[in-house]
Amino acid sequence: EIPPDSAAFFYNYQALFTPGQAIDFFPGVEDSTGAIAQQSASVLSLQAGAYLVSYRISTTLSQPGYLQVTPSYLETGVYFATTANGSSAGGSAHFILQAAAPTTFSLTYSGSAAGSNGEVNVTFLRLHTGS
């Protein structure tokens, strides 16, 4: 029996990103199965399983520096350096997260300076694996 599809989308627009702080999310499309849920403003909970994770982030840096975002699963982060005042910085990453047990997911902003006009989009697709 194939379990029902699980998918969810989270976002944040016009956000301020502070170095060393987790990024807050708002629900865009909620997962009706409950496998993917929002635990707090910056933490998402996932039931055991395999997930395709895709995220995109952008921000404006008021001075030269870099944007760096690291997921709680250190599979793949985003890094983008700028050399001008008021530059936009951004990037995206995609990876498969294998959760043997229920777990949580978050993104941490570790840029060189605060970012303004930030945007983040995170999509989870639970993968059906054969047994």
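What the table below lists for this structure:
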quantity	calculated
Of all residues making up the range 22-37, the number that are crowded, with 17+ Cβ neighbours inside 10 Å and under 24 Å from SER116 (Cβ atoms)	3
Count - residues of the range 38-72 that are part of a strand (DSSP E or B), without any contact (Cβ under 8 Å) to a residue 60 or more places away in the chain and of a type in the set (A, V, I, L, M)	3
Residues that are farther than 18 Å from TYR13 by Cβ, at pLDDT 85 or above and hydroxyl-bearing (Ser, Thr, Tyr), drawn from the range 53-105	SER62, TYR66, THR70, SER72, THR103, THR104
Odd one out for ASP5, checked against (1) assigned to a loop (DSSP other than H, G, I, E, B); (2) under 13 Å from the mean Cα position of the chain (by Cα)	(2)
Search result, residues across the range 82-119 that are exposed (fewer than 14 other Cβ atoms within 10 Å of the Cβ), among the aliphatic types (A, V, I, L, M) and over 14 Å from the mean Cα position of the chain (by Cα)	ALA84, ALA100, ALA101
Among the candidates SER54, SER6, residue that is crowded, with 17+ Cβ neighbours inside 10 Å, among the hydroxyl-bearing types (Ser, Thr, Tyr) and touching a strand residue (DSSP E or B) at 6+ places or on another chain (Cβ under 7 Å)	SER6
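The values are calculated or read from the model by the stated rules, or taken from the named source; none is laboratory data. Just so we're clear, the structure is a prediction, and the values are computed from it rather than from any experiment. Neighbour counts are summed over all protein chains in view; Cβ atoms, including those assigned to glycine, are modelled from backbone coordinates with ideal geometry.
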